[in-house]
Amino acid sequence: MKPLSPLLCATALAAALLATTPAHAVGRLVDVDVIDRDSGARLPVYSHQGEWWVAGRPGARYAVRLRNTSGERLLGVLAIDGVNAITGDTAAWAQSGYVLGRRQQAQITGWRKSDAEVAAFHFTALPLSYAARTGRPDHVGVIGLAVFRERAAPPPPVPYPAPARSREMPATGEASALSGQAAPAPSALADAESAPAARAEARQMAPTAPRLGTGHGAREYSAISHTAFERRASQPDEVITLRYDSRENLLALGILPPEPVAAARPRAFPDAPPVRYTPDPPAWR
């Protein structure tokens, strides 16, 4: 058998390491990752059976960071636990979203309460999540983003010169110039349809810890403005789904590798009594 070259060996090793190393951002047009706001750390993303997962820490505040990787404006409709993060409606594809300029990034830190305020996202037990408290617990544990490209403005009308008059044409006959079609009016607000939250399949796992959801936390300042955005199509150009749960539950599901257990150091005489030395004398009275 012909031995592999050092280059091929290095390539195979790099591919193996890439397969076992957790990623951070997920997405093509928009990079999506989750930030633990208490520690400032990006949560690693793990791939399992075609799905992406992050391990949340109960009680920790978090943010969803969006980064536009394209050279055009995009609209992202964010759904948390099957609920639109701006309107609070059950997520659907005809709702408001966040517009990202070229190469722009933004951190979405909570449920939108006004143009200047949000209620902070934080990981909490499923019954205490905002979705469950509003009677919608079925899709708790999933973050979704529907990405829409913007409709390009039509080119300006091309003026065509009027044809020259024929000598036989009556003096009263005028030829009119052709006109291009008027550009459609943009919508008043940036809106799009929300990515439907991925339907969570029934989980069969040991009840090691309560499932996590996203709570409706303390009010925080977070200012936004409004802009016009016309979607290129009614269907999103990309739908990104990121599921989450506690570390204990991801370990129970087999999504995270088991934590290594420190092996006991071998001893030459395991049954020998411990070494003893001369004890101190009793205290003087």
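Laid out as a table, the results:
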{"item": "Residue within the range 76-83 that is farther than 16 Å from Gly27 by Cα and in a strand (DSSP E or B) present", "result": "yes"}
{"item": "Subset of the range 54-71 (residues that are surrounded by 14 or more Cβ atoms within 10 Å (Cβ to Cβ), of a type outside the set (Lys, Arg), within 28 Å of Glu220 (Cα to Cα) and touching a residue at least 40 places away in the same chain (Cβ under 8 Å))", "result": "Val54, Ala55, Gly56, Pro58, Ala60, Tyr62, Ala63, Val64, Leu66, Thr69"}
{"item": "Positions within the range 114-137 being within 19 Å of the chain's Cα centre (by Cα) and within 30 Å of Arg231 (Cα to Cα), in sequence order", "result": "Val118, Ala119, Ala120, Phe121, Tyr130, Ala131"}
{"item": "Filter result (within 18 Å of Ala55 (Cα to Cα) and either buried (at least 18 other Cβ atoms within 10 Å of the Cβ) or among the small types (Gly, Ala, Ser) (or both)) within the range 249-273", "result": "Asn249, Leu250, Leu251, Ala252, Gly254, Ile255, Leu256"}
{"item": "Exclusive hit being surrounded by fewer than 21 Cβ atoms within 10 Å (Cβ to Cβ), over 22 Å from Asp237 (Cβ atoms) and not β-branched (Val, Ile, Thr), set Ala131, Ala120, Ala92, Ala106", "result": "Ala120"}
{"item": "Looking only at the range 231-264, and only at residues there that are modelled with pLDDT of 90 or more and of a type in the set (Val, Ile, Thr), the one that is nearest to His122 (Cα to Cα)", "result": "Thr241"}
{"item": "Filtered residues of the range 87-146 (kept if part of a strand (DSSP E or B) and free of Cβ contacts under 8 Å to residues at least 12 places away in the same chain)", "result": "Ser114"}
{"item": "Qualifying residue in the range 221-238 (condition: in a strand (DSSP E or B), surrounded by fewer than 11 Cβ atoms within 10 Å (Cβ to Cβ) and in contact (Cβ under 8 Å) with a residue 24 or more places away in the chain)", "result": "yes"}
{"item": "Selected residue (criterion: surrounded by the most Cβ atoms within 10 Å (Cβ to Cβ)) from residues of the range 34-48 that are charged (D, E, K, R) and part of a strand (DSSP E or B)", "result": "Asp36"}
{"item": "Boolean, Glu51 is at pLDDT below 95, surrounded by fewer than 16 Cβ atoms within 10 Å (Cβ to Cβ) and of a type outside the set (A, V, I, L, M)", "result": "yes"}
{"item": "Filter result for the condition that a residue is at pLDDT below 75, assigned to a loop (DSSP other than H, G, I, E, B) and more than 28 Å from Ala125 (Cα to Cα), over Arg267, Arg285, Arg199, Arg203", "result": "Arg285"}
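The values are calculated or read from the model by the stated rules, or taken from the named source; none is laboratory data. Quick caveat: nothing in here was measured; it's all calculated off a predicted structure. FYI the Cβ positions are ideal-geometry reconstructions off the backbone, even for glycines, and counts take in every protein chain you see.
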